[in-house]
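Undergrad: Supplied in structure tokens, the structure appears directly below.
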Amino acid sequence: MSEFVEVAKVGDLPPGQVRVVMAKGKRLALANLGGQLFALDDICTHDGGPLGEGEILDESVECPRHGARFDVRTGRVVALPAVRPVAVYHVRVEGEKVLVDIASRSLAQQSAADVLAHRRRPGQAGAG
């Protein structure tokens, strides 16, 4: 059963930005990719860093602590040091309201081999 909760207004989050929002006491990272909104858990699976305080790079959010990156659409890891994906949630816009379905938590299946295929190369942002 869906449980949509208002977390922001459309104008609160410009394209290319991510921020922390609260949904019934749950911290989520809300990302805006070119006007399309995505919600994911606000906890990096590497060490618990706040993804909503990170940075959008391409179609991923980078954790501000150690540079792990997650696809904001699927939650899949796209750069180490994280090796486990984060959960994502359905987002809907009604007028100016941004709503997240907190009951729609979805976790991508991802193998270690898949994560390693995306490992960071020397000189890539956040390497080190």
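What follows draws every value from the coordinates through simple rules; no lab data is involved. The structure presented is a predicted model; accordingly, all values stated were derived computationally and were not measured. Please note: Cβ atoms are built from the backbone with ideal geometry, for glycine as well, and neighbour counts cover all protein chains shown.
Undergrad: Sorted by average packing, counted as other Cβ atoms within 10 angstrom per residue and highest first, what order do 7-14, 76-83, 54-61 take?
TA: Highest-to-lowest ranking by the protection proxy: 76-83, 54-61, 7-14.
Undergrad: Let me ask something additional. If each DSSP helix of 4+ residues adds -39,500 (n - 2.57) and the sum is divided by the residues in the chain, what number results at 222 nm, nearest 500 deg cm²/dmol?
TA: For the chain, the value works out to -1000 deg cm²/dmol.
Undergrad: Which whole-number percent gives the relative contact order of the chain, counting Cα pairs below 8 Å spaced six or more residues apart?
TA: 24
Undergrad: If you don't mind, there's one more thing I want to ask. Which of the listed residues, Ser60, Phe70, Val115, is farthest toward the dipole's positive end in the chain, when Lys, Arg count +1 and Asp, Glu count -1 at the beta-carbon?
TA: Val115
Undergrad: Same structure again: With only Lys, Arg, Asp and Glu charged, each at its Cβ (+1 for the first two, -1 for the last two), find how big the charge dipole of the stretch 4-111 is about the Cα centre; round to the nearest 20 debye.
TA: Computed about the Cα centre, the dipole is about 280 debye.
Undergrad: Could you give the alpha-carbon Rg of the chain over 2.2 N^0.38 Å, rounded to two decimals? Don't jump to the answer; show the numbers that get you there.
TA: On the way: Rg = 14.1 Å, N = 128, 2.2 N^0.38 = 13.9 Å.
Relative to the 2.2 N^0.38 Å estimate, the chain comes out at 1.01.
Undergrad: Using Cα pairs closer than 8 Å and at least 6 residues apart in sequence, work out the relative contact order for the stretch 22-79, in percent.
TA: 22
Undergrad: On full extension of the chain, what length is gained from Lys24 through Ala117, given 0.36 nm per residue of separation minus the C-alpha to C-alpha distance?
TA: 29.8 nm
Undergrad: Could you please state, rounded to a whole Å, how far the C-alpha centre of the stretch 73-88 is from the C-alpha centre of the stretch 1-43?
TA: Between the Cα centre of the stretch 73-88 and that of the stretch 1-43, the gap is 17 Å.
Undergrad: At Met1 and Gln17, where each label point lies 7 Å from the Cα along Cα→Cβ, what is the point-to-point distance in nanometres?
TA: Between Met1 and Gln17, the simple spin-label model gives 3.6 nm.
Undergrad: Convert each backbone phi in the stretch 57-72 into a coupling constant with the Karplus relation 6.51 cos²θ - 1.76 cosθ + 1.60 (shift: θ = phi - 60°), then list the ³J(HN,Hα) values in order as whole Hz, x for Gly and Pro.
TA: Computed from phi, the couplings for the stretch 57-72 are 10, 6, 10, 10, 10, 9, 5, x, 7, 10, x, 4, 10, 10, 5, 6 Hz.
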